[in-house]
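What follows draws every value from the coordinates through simple rules; no lab data is involved. In this text the structure is predicted, and so the values were computed from the model without any measurement. Note that we place each Cβ from the backbone using ideal geometry, even for glycine, and neighbour counts take in every protein chain shown.
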Amino acid sequence: MKHPDLISSLFWIVLALCLIIWGYALELGTLSEPESGFIIFWAGIIMLGLSGAVFIMALREKDKRLERSRQRFGASWRNVIWVTIALALYAYLLSPLGFLVDTFLLLFFLFRVYEPRKWPTTIWVSALMVIVTYLVFDVWLGSQLPKGLLDLSWR
Amino acid sequence: MDLFHYLGTGFSVALQPINLLYCFVGVFIGTLIGVLPGIGPVGAMSLLLPLTFKSTPESALIMLAGIYYGSMYGGSTTSILVNIPGEAASVVTCLDGYQMALQGRAGPALGMAAFGSFIAGTFAILGLMLVAPPLAEFALRFGPPEYFSLMVLGMSILIYLAHGSMLKALITGILGIVLGTVGLDPINAKTRLTFGRMELMDGVGLVPVIMGLFGIGEVLLNLEQILFRETVKTKIRGLLPSAEDWLESKWALIRGTVLGFFLGILPGGGGVIASFVSYALEKKLSRHPERFGKGAIAGVAGPESANNAAAGGAFIPLLTLGIPTNAVIALLMGAFLIHGITPGPLLMKQSPGLFWGVITSMYIGNIMLLILNLPLIGIWIQVLKIPYRILFPIILLLCLVGVYSISHSIFDIYVMIGFGVVGYLMKKFEYEGAPLILAFILGPMLEVNLRRSLIMSHGSFSIFFLRPLSAIFLLLALILLISPLIPAIGKKREVVTILSKQD
């Protein structure tokens with residue numbers, strides 16, 4: 001496994017180059033009249049220098065640090081990936097499904113993904129949480145959460 | 001005389017029944033958040049921001065401030081009883097607080113933490129009242145170069161005090177500045193870095209970024225491991241510390257309070273650094289340093305008073321200069337702006353009711369906390385037993401609904417999830433979120449003041465060095481940034497870094 005600072009500094013270097021290009025494209029102006037790209041361009045230049053320094057330092061680091069970083073990345077990734085995908089899907093389906101249905105599905109999944117309990121318990125706890133949240137945010141605070149499917153069925 | 005008049009104004013606002021209720025809700029939720037590991041004051045304040053939309057700005061800010069200093073109180077409970085800090089500023093309280101609990105002295109440890117917090121919190125409010133008015137008056141003389149240099153100094157302090165690599169803190173700071181430029185250019189209204197998305201015309205939202213980095217990111221990190229918590233099983237009795245305990249702790253309380261207050265004023269200082277420095281100081285000055293780490297009550301009193309005093313001190317730069325010093329205060333600044341109020345030197349003159357109302361509410365809040373904390377410890381212990389499998393879906397749900405309620409934008413949910421992943425990866429790669437947030441908030445102000453200064457000076461950078469205040473700020477910033485290159489200072493900073501990572 002590569003040293004984590006090598007990976008992260010490479011990411012910053014690429015981002016810094018993008019910032020330099022974007023800043024330049026937005027126009028730098030002059031020192032007496034700086035334009036919109038001025039700060040972005042110089043931020044890119046400074047970031048390039050700093051991430052270059054992190055990259056060089058990572059290349060020089062000894063094995064001890066590498067060993068520690070191996071341990072740090074040894075933990076389980078599965079939960080993190082599943083939950084992130086679930087959250088992205090939730091955002092995608094929020095408008096079409098509506099808050100009540102979409103949130104119930106998300107909560108049901110979240111309660112199952114980490115130390116799962118029995119199905120009936122998961123179902124009623126998810127439903128209860130959705131209803132309480134809906135009452136607080138939509139009914140009490142007037143947040144106008146998306147109606148989605150339920151809105152169509154009522155028409 | 002003026003001070004008494006202002007205090008009267010403040011109390012007339014803070015003592016209104018609705019504001020008392022908001023203050024109570026704030027300190028109660030703050031304590032609860034402080035007790036619960038896995039959600040900090042930043043996340044809690046972001047989640048509760050939508051609840052304040054229907055209230056007056058005074059009530060909203062009284063509640064949000066209450067969450068902040070309330071969380072400092074609550075954090076000590078988990079440190080003492082479970083050996084897990086509820087929030088970062090209570091990390092060192094674990095060292096002696098948990099040992100005291102194991103020796104059957106959980107009561108005096110909890111009591112001292114509560115009384116220490118109360119004394120320090122009250123002193124910090126007094127300091128705030130005395131320091132804020134002259135500082136706000138002084139800040140009226142600031143022009144664009146002074147503001148620019150002050151912000152550079154603020155970011156330099158934050159980067160200097162970063163827990164890990166200063167280079168990495170600088171990189172995340174730069175990223176924060178760039179994020180702050182997204183949207184319309186404040187000077188010529190040209191769109192920047194929007195990539196054709198209409199949603200980005202007003203810039204990236206502060207709340208989705210903060211909730212993502214500190215709420216979702218934290219949950220993702222915790223999901224990798226099973227959070228195991230075991231409370232101390234002995235019965236907690238005798239919460240009042242004995243006369244001997246008071247004698248042993250009195251200087252730790254005083255030193256922690258003064259130190260915490262001044263460190264709180266510094267950008268990036270805050271409760272975490274204050275509690276670590278206080279612990280190190282007490283251990284150094286103690287006649288029995290060998291007792292530290294084995295249940296010394298001064299090891300609880302010092303850090304707990306320091307982190308509470310720091311919470312009070314942190315309000316000074318926000319209320320007088322309009323500059324946030326840490327992520328929590330940055331969010332509070334966001335709340336000010338959402339309610340149409342610009343914090344800064346003119347706040348005291350334009351909205352005296354709000355300014356003094358928030359300050360005096362802290363007095364009342366501190367008394368509420370003292371009353372709340374001692375008798376309710378039994379409830380907090382029950383709260384500690386809520387398993388993470390129940391807690392994390394609630395946190396995620398509140399993040400999602402909270403963000404949507406603020407802007408009614410699904411795009412902001414994506415932004416929050418994106419920053420959640422960024423926050424998770426930043427922790428994995430040992431980058432800190434605080435410099436990013438502070439730079440994100442200060443970035444637009446920094447850019448406008450830089451460009452205005454350059455326009456004023458016809459393109460000459462000498463304007464920053466020819467104006468005495470600006471020159472002093474920049475010189476201090478330079479000293480901070482190059483000081484780690486001096487071997488003696490660099491080594492000391494490394495020791496602090498290692499200490500603060502031992503959580």
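Data overview
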| item | result |
| --- | --- |
| Per-residue HN-Hα couplings for region B:205-211 [Karplus 6.51, -1.76, 1.60; θ = phi - 60°; Hz; x = Gly/Pro] | x, 5, 5, x, 5, 5, 4 |
| Rg/Rh (Cα only; Kirkwood hydrodynamic radius) as it applies to region B:309-368 | 0.95 |
| Evaluated over region B:164-217, the Cα radius of gyration and Dmax, each in Å | 13.1, 38 |
| Order of A:LYS147, B:LYS54 under a 10 Å beta carbon neighbour criterion, fewest first | B:LYS54, A:LYS147 |
| Rg(Cα)/(2.2 N^0.38 Å) for region B:81-154, N = residue count | 1.74 |
| Label-to-label distance, nm, for residues given as A:LEU6 and A:ILE21 (7 Å Cα→Cβ offset) | 2.5 |
| Contour minus Cα-Cα distance for B:ILE367 and B:LEU475 (0.36 nm per residue) | 34.7 nm |
| Per-residue Cβ neighbour rank within 10 angstrom, fewest leading, A:ILE39, B:ILE338 | B:ILE338, A:ILE39 |
| Environment charge at B:ARG192 (Cβ cut-off 11 Å; Lys +1, Arg +1, Asp -1, Glu -1) | -3 |
| Per-residue mean of C-beta atoms belonging to partner chains within 10 Å, peptide A:89-98 | 3 |
| Tail fraction, Cα-Cα pairs, region B:316-455, threshold 21 Å, whole percent | 64 |
| Neighbour-count ranking [beta-carbon atoms within 10 angstrom, fewest first] of A:TRP119, A:TRP12 | A:TRP119, A:TRP12 |
| For region B:266-347, radius of gyration divided by Kirkwood radius, i.e. Rg to Rh on alpha-carbons | 1.18 |
| Charge tally in the Cβ shell below 15 Å around B:LEU398, where Lys, Arg are +1 and Asp, Glu are -1, B:LEU398 excluded | -3 |
| Percent breakdown of C-alpha pair distances by 20 Å bin, ordered from the shortest bin, for chain B | 24, 59, 17, 0 |
| Percent breakdown of C-alpha pair distances by 5 Å bin, ordered from the shortest bin, for region A:78-154 | 3, 16, 22, 24, 20, 11, 4, 1 |
| The protein assembly as shown: equivalent-ellipsoid semi-axes (sqrt of 5 x gyration tensor eigenvalues, Cα, Å) | 35, 32, 28 |
| Under the span-like rule (Cα at least 15 Å along the axis, Kyte-Doolittle mean at least -1.0), DSSP H helices of chain A | A:4-25, A:38-60, A:78-97, A:99-113, A:119-134 |
| Long-range tail of P(r) for region B:76-223 (Cα pairs > 27 Å, %) | 53 |
| Per-residue [θ]222 nm for chain B (sum of -39500 (n - 2.57) over DSSP H runs n ≥ 4, rounded to 500) | -23500 deg cm²/dmol |
| Dipole moment magnitude, nearest 20 debye, chain B about Cα centre, only Lys, Arg, Asp, Glu C-beta charged | 580 |
| Peptide A:28-37 - average C-beta neighbours from other chains (10 Å radius) | 6 |
| Rg(Cα)/(2.2 N^0.38 Å) for chain A, N = residue count | 1.62 |
| Compactness of region B:23-136 - radius of gyration and Dmax, Cα, Å | 15.5, 49 |
